[in-house]
Every structure is written in structure tokens, then in C-alpha cells.
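Undergrad: Structure in C-alpha cells, see below.
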Amino acid sequence: MNKIDTWISIIYIHQLIESEPNQWNATSLRKELGISTRTIQRYLRFMERQGALLRYDKSKKAFYYEKPMNDTRQFLPFDELSELQLNSLRGAIDRELERRIQMRSERATRRVTTKRRVAAGA
């Protein structure tokens, strides 16, 4: 996985946890992103080192933010990239996140459609 894929995955993890708190654990994130649990855990540790107040609810077996985080810039490698590279990275992240969100929406629609077909045939 290259660096851009890494940053995209980190931002995507952030968006999933932020938009659906107490719904995501390492296993569900692994399935959503298609990467190993160990990599997910490494990304979560990175996010915490960058200041994300991530918590794990043992009863719900899922992550949530103790305090909302609206700014994802702290996850980006400002000191490692030129301004041009950073703008390119932001564009790539936006496009990839939009693609992943669209794919999730399409999967959810297919599940609902399948359930309706099964219910209608029963």
C-alpha cells in the first residue's frame, strides 16, 4: 500500500467512526477497507498519536470519539509533502472517499432490494 492509500484509509476510518459512532470495531473496519486487522490497529494508534480522542466501548464492542473531530488535517503529512503534493493528495482523498461512500450506498441498496424480493416471494 502506498502513502496516498494509507492517508485515504486513515481519513476513511475517521469518517466512518465519526459518522457512525459505536458501529465500527477493528473487524468491521477490516472488512470495509479490505486490509488486515493489524493494519487497522496501526492506523488507529496513529490517529490517537495525532490527537484523536478515540475510545472503545466494550459493551458495544465499537469505537467512538470522546470529542467530535471536524478537522482531519492533523492526519495529513504536512511536513512530508510540498503544497502541490498536498493539494494532489487532498483531491485524491476526496475522489476516493466519494467512490467508497457510493459503493457502500450501492451495497446497502442491493441488500434492501434482496430482502424485499425474498419477502415478496415468501
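The values are calculated or read from the model by the stated rules, or taken from the named source; none is laboratory data. Just so you know, these numbers come straight off a predicted model, no measurement behind them. For neighbour counting, all protein chains shown are included, and Cβ atoms are generated from backbone atoms with ideal geometry for every residue, glycine included.
Undergrad: Can Arg55 be described as over 14 Å from the mean Cα position of the chain (by Cα) and modelled with pLDDT of 90 or more?
TA: Yes; evaluated as a whole, the condition is true for this residue.
Undergrad: Which one is surrounded by the most Cβ atoms within 10 Å (Cβ to Cβ), of the residues in the range 1-17 that are of a type in the set (Val, Ile, Thr) and more than 9 Å from the chain's Cα centre (by Cα)?
TA: Thr6
Undergrad: Quick check on my filter: what residues within the range 1-15 are over 16 Å from Glu48 (Cβ atoms), aliphatic (A, V, I, L, M) and assigned to a helix (DSSP H, G or I)?
TA: Passing the criteria: Ile4, Ile8.
For (1) at pLDDT below 90; (2) of a type outside the set (A, V, I, L, M, F, W, C); (3) over 14 Å from the mean Cα position of the chain (by Cα), each residue gets a yes or a no:
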{"site": "Ser19", "(1), (2), (3)": "yes, yes, no"}
{"site": "Tyr64", "(1), (2), (3)": "no, yes, no"}
{"site": "Pro77", "(1), (2), (3)": "yes, yes, yes"}
{"site": "Leu84", "(1), (2), (3)": "yes, no, yes"}
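Undergrad: Looking at (1) modelled with pLDDT of 85 or more; (2) surrounded by 12 or more Cβ atoms within 10 Å (Cβ to Cβ), which one does Arg38 not meet, given that it meets all the others?
TA: (2)
Undergrad: Step by step: first the residues of the range 1-50, then only those that are touching a strand residue (DSSP E or B) at 6+ places or on another chain (Cβ under 7 Å) and hydrophobic (A, V, I, L, M, F, W, C), then the one that is nearest to Arg95 (Cα to Cα). Which residue is that? Working first, answer last.
TA: Just the residues of the range 1-50 that are touching a strand residue (DSSP E or B) at 6+ places or on another chain (Cβ under 7 Å), to begin with: 16-18, 21-25, 44, 47-48.
So of that shortlist, the ones also hydrophobic (A, V, I, L, M, F, W, C) come out as 16-17, 24, 44, 47.
Working: Leu16: 16, Ile17: 19, Trp24: 23, Leu44: 22, Met47: 21 Å.
Here the answer is Leu16.
Undergrad: Is it true that some residue in the range 41-48 is of a type in the set (Lys, Arg) and either at pLDDT 95 or above or part of a helix (DSSP H, G or I) (or both)? Spell out how you get there, then give the answer.
TA: The first filter runs over the range 41-48 and keeps only residues of a type in the set (Lys, Arg), leaving 42, 45.
After this cut, where a residue has to be either at pLDDT 95 or above or part of a helix (DSSP H, G or I) (or both) as well, the list is 42, 45.
Yes: the range 41-48 contains one or more residues that are of a type in the set (Lys, Arg) and either at pLDDT 95 or above or part of a helix (DSSP H, G or I) (or both).
Undergrad: Could I ask something else about it? Has the range 63-70 got any residue that is surrounded by 12 or more Cβ atoms within 10 Å (Cβ to Cβ) and under 21 Å from Ile93 (Cα atoms)?
TA: First, the residues of the range 63-70 that are surrounded by 12 or more Cβ atoms within 10 Å (Cβ to Cβ): 63-65, 69.
Right, trim to under 21 Å from Ile93 (Cα atoms) and you get 69.
For the range 63-70, residues surrounded by 12 or more Cβ atoms within 10 Å (Cβ to Cβ) and under 21 Å from Ile93 (Cα atoms): present.
Undergrad: Moving on to the next point. Filter the range 1-40 down to the residues that are among the β-branched types (Val, Ile, Thr), over 19 Å from Arg107 (Cα atoms) and touching a helix residue (DSSP H, G or I) at 6+ places or on another chain (Cβ under 7 Å) and list them by number.
TA: Ile4, Ile8, Ile10, Ile11, Thr37, Ile40
Undergrad: Only one residue in Ala119, Ala92 is modelled with pLDDT of 80 or more and either farther than 21 Å from Ser28 by Cα or not in a helix (DSSP H, G or I) (or both). Which one?
TA: Working: Ala92 fails: modelled with pLDDT of 80 or more.
It is Ala119.
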